[in-house]
Amino acid sequence: MNRRELLTGIGAAATALVPQAPAQSKVIKYCRFKNGNTVAHGIVDGDTVRQLSGDLFANPKETGAKHKLSEVKLLYPVEKPTKILALAGNYRSPLGKAAPRPNPEPFYKPPSCLQNPGDPIVFPPGATNVHYQCELVIVIGKTARQITEAQAKDYIFGVTCGNDVSERIWQNDPKIKYVQWWRAKGADTFGPEGPVIARGIDYGNLHIMTRLNGKVMQDQNT
């Protein structure tokens, strides 16, 4: 598993990711933004973005340039991840009374599905039953291979918000019986992410909420 990979985890409109308890250290919010011809990573500090240079995952440096947050366009925060892995059946509310799976089933979403926060989700031709699903997205910060469960947290760069957009007919049509979910969940724009990667928060105690036209549709805690 290479750095810059995304794991969509706890499972649109709008999603919110909020600490439920005081952080153990200072929270740093990284973003990727565009301002004119400039595309770069930065640190969000109140209503200001402090521009960075270099690799986000390898001790980037501040350039000294600052931008008003209101004047930049925020992009999905990780550029060109090598893959996006997701887990099915891994949180309580959609399971209802069903028992959790002993090993949640992984599946892929292609990087081509990524969309910037606030940009439109485009329904592909033939899509008739498109659903939102808010997610905790784990950003892997360095190459990981054959690591233990205890070591896993040391490879997490931070977390961000995601929307696992899905066409449910393509996913679960009983007549066609699709084997793979790549079409249902991998269409262009079916993976909005962002707007920031948060570090320094307790990943195991985060509030995740989805609102559709102001109405709360999902409300969970990691």
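The values are calculated or read from the model by the stated rules, or taken from the named source; none is laboratory data. Since the model is a prediction, treat every value here as computed from it, not as a measurement. Neighbour counts are summed over all protein chains in view; Cβ atoms, including those assigned to glycine, are modelled from backbone coordinates with ideal geometry.
Just to be sure before I move on: is V179 more than 25 Å from L56 (Cα to Cα), out of contact with any strand residue (DSSP E or B) (no Cβ under 7 Å at 6 or more places or on another chain), hydrophobic (A, V, I, L, M, F, W, C) and surrounded by fewer than 17 Cβ atoms within 10 Å (Cβ to Cβ) in the structure I sent? When the stated conditions are applied, V179 passes them. At least 3 residues being over 17 Å from T160 (Cα atoms) is the threshold, and among the strands (runs of 3 or more DSSP E) wholly inside segment 46-135 those reaching it are 48-53, 61-68, 105-109. Does G204 fit the bill of being more than 24 Å from N116 (Cβ to Cβ), small (G, A, S) and surrounded by fewer than 17 Cβ atoms within 10 Å (Cβ to Cβ)? Answer is yes for this residue. Comparison of Q171, Q220 shows that the only residue that is part of a strand (DSSP E or B) and surrounded by 13 or more Cβ atoms within 10 Å (Cβ to Cβ) is Q220.
For V39, the conditions (1) at pLDDT 95 or above; (2) crowded, with 17+ Cβ neighbours inside 10 Å; (3) among the hydrophobic types (A, V, I, L, M, F, W, C); (4) touching a Leu at 6+ places or on another chain (Cβ under 9 Å) all hold with the exception of (2).
The number of residues in segment 207-217 that are farther than 21 Å from L95 by Cβ and surrounded by 14 or more Cβ atoms within 10 Å (Cβ to Cβ) comes to 1.
Every residue, every condition in (1) within 18 Å of the chain's Cα centre (by Cα); (2) closer than 16 Å to Q133 by Cα; (3) not in a strand (DSSP E or B), yes or no:
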residue: R145; (1), (2), (3): no, no, yes
residue: I176; (1), (2), (3): no, no, yes
residue: Q180; (1), (2), (3): no, no, yes
residue: T189; (1), (2), (3): yes, yes, yes
residue: P192; (1), (2), (3): yes, yes, no
residue: Y203; (1), (2), (3): yes, no, yes
residue: R211; (1), (2), (3): yes, yes, no
residue: V216; (1), (2), (3): no, yes, no
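Has segment 67-86 got at least one residue that is surrounded by 14 or more Cβ atoms within 10 Å (Cβ to Cβ), over 29 Å from K215 (Cα atoms) and at pLDDT 95 or above? There is at least one residue in segment 67-86 that is surrounded by 14 or more Cβ atoms within 10 Å (Cβ to Cβ), over 29 Å from K215 (Cα atoms) and at pLDDT 95 or above.
Applying the condition of being charged (D, E, K, R) and surrounded by fewer than 14 Cβ atoms within 10 Å (Cβ to Cβ) to segment 95-118 and asking which residue is farthest from Q180 (Cα to Cα) yields K97. Going through (1) modelled with pLDDT under 95; (2) among the polar types (S, T, N, Q); (3) touching a His at 6+ places or on another chain (Cβ under 8 Å) one by one, Q51 falls short only on (1).
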